[in-house]
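Input: a single structure, listed below in structure tokens.
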Amino acid sequence: QVQVVESGGGLVQAGGSLRLSCAASGSTDSISTMGWYRQTPGNQRELVARITSDGTTTYADSVKGRFTISRDNAKNTVYLQMNSLKPEDTAIYYCNYYRLYNYWGQGTQVTVSS
């Protein structure tokens, strides 16, 4: 089993920045993909960004140029630096750890006020 714990959400004004952190623990592996997804009421969970253990990144078009994902493999930790936040970025952000199975965190609320 893998445990995934997020931190760093909150309330910010449009144009501001937030940094999310996520740590995976338990039966982790040196080869894995970690990422961030978000969900708003009535909508499906969508990919925000993900990063493989060798550093390959993928971003949703809506966040390219504003968000940056990074990871510390030694700590099994992934970060999401979110800049130039917009009200439409408001959502619950979930951390994902994938290695054969998907493991999810409990989610952290990000609210961007206009």
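The values are calculated or read from the model by the stated rules, or taken from the named source; none is laboratory data. Remember, predicted model here, so these are calculated numbers, not experimental data. Positions of Cβ are generated from backbone atoms using ideal geometry, with glycine treated the same way; all protein chains shown enter the neighbour counts. Surface accessibility is based on the protein's heavy atoms, side chains included, excluding ligands, DNA and RNA. Shrake-Rupley method; radii C 1.70, N 1.55, O 1.52, S 1.80 Å.
Here are a few things to note about the model shown:
- Using θ = phi - 60° and Karplus 6.51 cos²θ - 1.76 cosθ + 1.60, couplings along region 75-90 (whole Hz; Gly, Pro as x): 9, 6, 10, 10, 10, 10, 8, 10, 10, 6, 5, 10, x, 6, 7, 4
- Under 5 Å from the amide H of Ser32 lie the amide H atoms of Ser53, each residue being 5 or more positions distant or on a separate chain, with H modelled from the backbone and absent for Pro and chain starts.
- Rounded to the nearest 0.05, the FRET efficiency derived from the C-beta distance between Ser62 and Val5 at R0 = 30 Å is 0.70.
- Taking the protein heavy atoms of region 61-114 in the context of the full set of protein chains, the accessible area attributed to carbon and sulfur is 47 percent at 1.4 Å.
- Taking all protein chains into account, the per residue accessible area for region 1-95 stands at 51 Å² (1.4 Å probe).
- HN-Hα J in Hz across region 63-69 - Karplus 6.51, -1.76, 1.60, θ = phi - 60°, x for Gly and Pro: 10, 4, x, 10, 10, 9, 9
- Under Karplus coefficients 6.51, -1.76 and 1.60, residue-wise ³J(HN,Hα) of region 2-13 in Hz, glycine/proline x: 10, 9, 10, 10, 9, 7, x, x, x, 10, 9, 7
- Spin-label model, Tyr101 to Ser114: label points 7 Å out along the Cα-to-beta-carbon direction sit 4.3 nm apart.
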